[in-house]
Structures are given as C-alpha cells and as structure tokens.
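The values are calculated or read from the model by the stated rules, or taken from the named source; none is laboratory data. Quick caveat: nothing in here was measured; it's all calculated off a predicted structure. Using ideal geometry, Cβ is built from the backbone for each residue, glycine included, and neighbour counts are taken over all protein chains shown. Just so you know, the surface numbers come from the protein's heavy atoms only, side chains and all, with ligands and any DNA or RNA stripped out. Shrake-Rupley method; radii C 1.70, N 1.55, O 1.52, S 1.80 Å.
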Amino acid sequence: EKAQGKRVLSLPLWLYCDDTSGNTSKKWNKHNSILLTLAGLPRQLAQLLYNIHFVSTSNIASPLEMMEYVAKMLR
C-alpha cells in the first residue's frame, strides 16, 4: 500500500563504528567514525576500500548517539 504498486527492494546494510585518531602530531585525538557496507557482498568484496562508505564522524558525540541519528535518517 505504501509503495502504491511500485517495486520495492530491501537493501541490507552493515553499519559499524570505529574509534580512530585524527593524529597529526604525537597526541591521541580520539574520534568515532560510522561506516557502512552492503551486507550481501561476499567477504572479499566487502573489505575492499571502495565498498566501505563513510557516514559520519565525531569527537564529541558517543557512538550510540551517532547511530541513533543515522537510524533516524535512514528511516
């Protein structure tokens, strides 16, 4: 009903958060980055850099806060 007769496809995504350093000096500058890849890809393809997509990064927001916002935007 919502699609009004249009074709609908599901697209499983694998979202994950990684803590990294924006290190330009010897100082550790921790920030969290959210990345995604298509969940249906074979492992050898899913790990290639061009299949990993940057979503967001923050050194202030917690990973949970960032994921909540990403989920809201995807909905």
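Considering only the stretch 43-59, I want to know if a residue exists there that is within 25 Å of Ser10 (Cβ to Cβ), assigned to a strand (DSSP E or B) and open to solvent by 70 Å² or more (accessible area, probe 1.4 Å). Yes, the stretch 43-59 has at least one match. Answer with yes or no whether Leu35 is part of a strand (DSSP E or B) and either in contact with a Cys (Cβ under 6 Å, 6 or more places away or on another chain) or touching a residue at least 12 places away in the same chain (Cβ under 8 Å) (or both). Here the answer is yes, as Leu35 does meet what is asked. The single condition among (1) open to solvent by less than 100 Å² (accessible area, probe 1.4 Å); (2) part of a loop (DSSP other than H, G, I, E, B) that Arg7 does not meet is (1).
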